[in-house]
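Down below is the structure, laid out as structure tokens.
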Amino acid sequence: MKDTIPTAETASRRPEPAARGGRPRRRKLTFDRVTFFLAFLGVPLAIFVIFVLIPFGQAIFWAMTDWRGFSPDYNFVGFDNFTKMFQDDIFLKALRNVALLAVFVPLVTLTLALGVAVAITLGGPGKGPVRGIRGASFYRIVSFFPYVVPAIIVGLIWAQMYDPNAGLLNGVLTGVGLDQFDTFAWLGEKATAMPAVMFVIIWGLVGFYAVLFIAAIKGVPAELYEAARIDGAGRFRTTISITLPAIRDSVQTAYIYLGIAALDAFVYVQAMVPNGGPDNSTLTISQRLFNVAFAKQQFGYATAMGVVLAVVTLVFAALVFLVNRLTGGGERETKRKAPGSRARRAAAKGGAG
């Protein structure tokens, strides 16, 4: 039988008391633990319940009434508002518009932001240490500047630039010989109104997400890029194989935030086309909700639209999480934990032996 010599480490190590079934016993609730949970779990949970769950429950209740907003009188109508909503051609048009915004705005914005971030952080010389382009700080500030300007100001500025008679855009185009744009109404044509609105939203948001991706890329170990460079990988291959997988969580978060902003998009659209555009081609749910509530004083019906918008937003976020999960988003975390788990199991077997 092999003798073991106790050391200071093994002597001070005490086995944790275990309950039946081999599970560790629960720790006793002390005053410190109770106050910790109350301060860091109870207070945020209470704030969430009071300011999020309760108002959402109230919204669901008012969505089932014919409340007119400025009177205490109302009647309970059940699901009539929701039935009316999905028979409303204007609301359905607004729903299709926000669906287009939720698809194209995040996709284009994140693609451009990732391109800017990669160019700034990894677009330097092909030899020597991996670094960004010269003057990266200047480009970072310039790209972030549109996000600093309030969205309502951005919308008003671009509404003037799109003006068919005195707009800067038509002036520049006619100045280079494109006379057909002399009095072209970018926001007055059905074919161009929605793309023009999308361009403004993307222009206003791409700088923020570029800075977000720059910070995420700087957290990727430089050894990975150097190894890829030694193996002969180009910048595009490096971006696809190393950068994107490394900042996947940041991309997922950004996509959710951008999707929520696109589903709302009230400020930008209201500033440029407050009437919903030609044939309601730029009308959003939030605009329709605003008009129904304050112009027609149908607050119960408008609240039902708000509930549907909240549900659509939650479904969008759930789909993003699901797609990320199905495409292997959670495998990296599992692989990180696996070696540690195997080491602990091996140590436990060795100690038992």
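The values are calculated or read from the model by the stated rules, or taken from the named source; none is laboratory data. These numbers were taken from a predicted model, which means no experiment stands behind them. Cβ placement follows ideal geometry from the backbone for every residue including glycine, while neighbour counts extend to all protein chains displayed. We work out accessible area using only protein heavy atoms, side chains counted, and drop any ligands, DNA or RNA first. Shrake-Rupley method; radii C 1.70, N 1.55, O 1.52, S 1.80 Å.
What to note about this one:
- Residue check for VAL142: crowded, with 16+ Cβ neighbours inside 10 Å and of a type in the set (Val, Ile, Thr): no
- Filter result (among the hydrophobic types (A, V, I, L, M, F, W, C) and over 14 Å from the mean Cα position of the chain (by Cα)) within region 204-232: VAL211, ILE214, ALA215, ALA216, ILE217, VAL220, ALA222, LEU224, ALA227, ALA228, ILE230
- The residues in region 305-341 that are open to solvent by less than 80 Å² (accessible area, probe 1.4 Å), of a type in the set (A, V, I, L, M, F, W, C) and either at pLDDT 90 or above or under 13 Å from the mean Cα position of the chain (by Cα) (or both) can be counted, and the count is 12.
- Cross-chain or 6+ apart pairs with Cβ under 8 Å, region 301-316 first and in a helix (DSSP H, G or I), then hydroxyl-bearing (Ser, Thr, Tyr): LEU309/SER286
- Cβ pairs under 8 Å, 6+ apart, first in region 224-238 and assigned to a helix (DSSP H, G or I), second open to solvent by 100 Å² or more (accessible area, probe 1.4 Å) and modelled with pLDDT of 85 or more: ALA228/ARG237
- LEU95 surrounded by 14 or more Cβ atoms within 10 Å (Cβ to Cβ), under 30 Å from ALA304 (Cβ atoms) and within 27 Å of the chain's Cα centre (by Cα): yes
- Selection of region 157-197 for residues being in a loop (DSSP other than H, G, I, E, B) and hydrophobic (A, V, I, L, M, F, W, C) yields ALA166, VAL176, LEU178, PHE184, ALA185, TRP186, LEU187.
- Filtered by the rule that a residue be over 28 Å from ALA94 (Cβ atoms) and crowded, with 16+ Cβ neighbours inside 10 Å, region 152-197 gives ASN170, LEU173, PHE181.
- Filter pass, ASP89 being at pLDDT 90 or above, open to solvent by less than 90 Å² (accessible area, probe 1.4 Å) and within 30 Å of SER281 (Cα to Cα): no
- Any hit, region 292-301, residues being more than 30 Å from GLY115 (Cα to Cα), out of contact with any strand residue (DSSP E or B) (no Cβ under 9 Å at 6 or more places or on another chain) and crowded, with 22+ Cβ neighbours inside 10 Å: yes
- Put simply, of PHE104, PHE56 the only residue that is touching a residue at least 24 places away in the same chain (Cβ under 8 Å) and exposed (fewer than 15 other Cβ atoms within 10 Å of the Cβ) is PHE56.
- For region 187-202, the tally of residues that are of a type in the set (Phe, Trp, Tyr) and modelled with pLDDT under 95 stands at 0.
- Residue among VAL220, VAL251 that alone is touching a Ser or Thr at 6+ places or on another chain (Cβ under 7 Å), crowded, with 16+ Cβ neighbours inside 10 Å and in contact (Cβ under 8 Å) with a residue 24 or more places away in the chain: VAL220
- Residue in region 248-255 that is small (Gly, Ala, Ser) and under 18 Å from the mean Cα position of the chain (by Cα) present: yes
- Of the helices (runs of 4 or more DSSP H) contained entirely in region 43-152, those carrying at least 1 residues that are of a type in the set (A, V, I, L, M) and either touching a Leu at 6+ places or on another chain (Cβ under 7 Å) or under 30 Å from TYR209 (Cα atoms) (or both) fall at 43-48, 89-122, 136-148.
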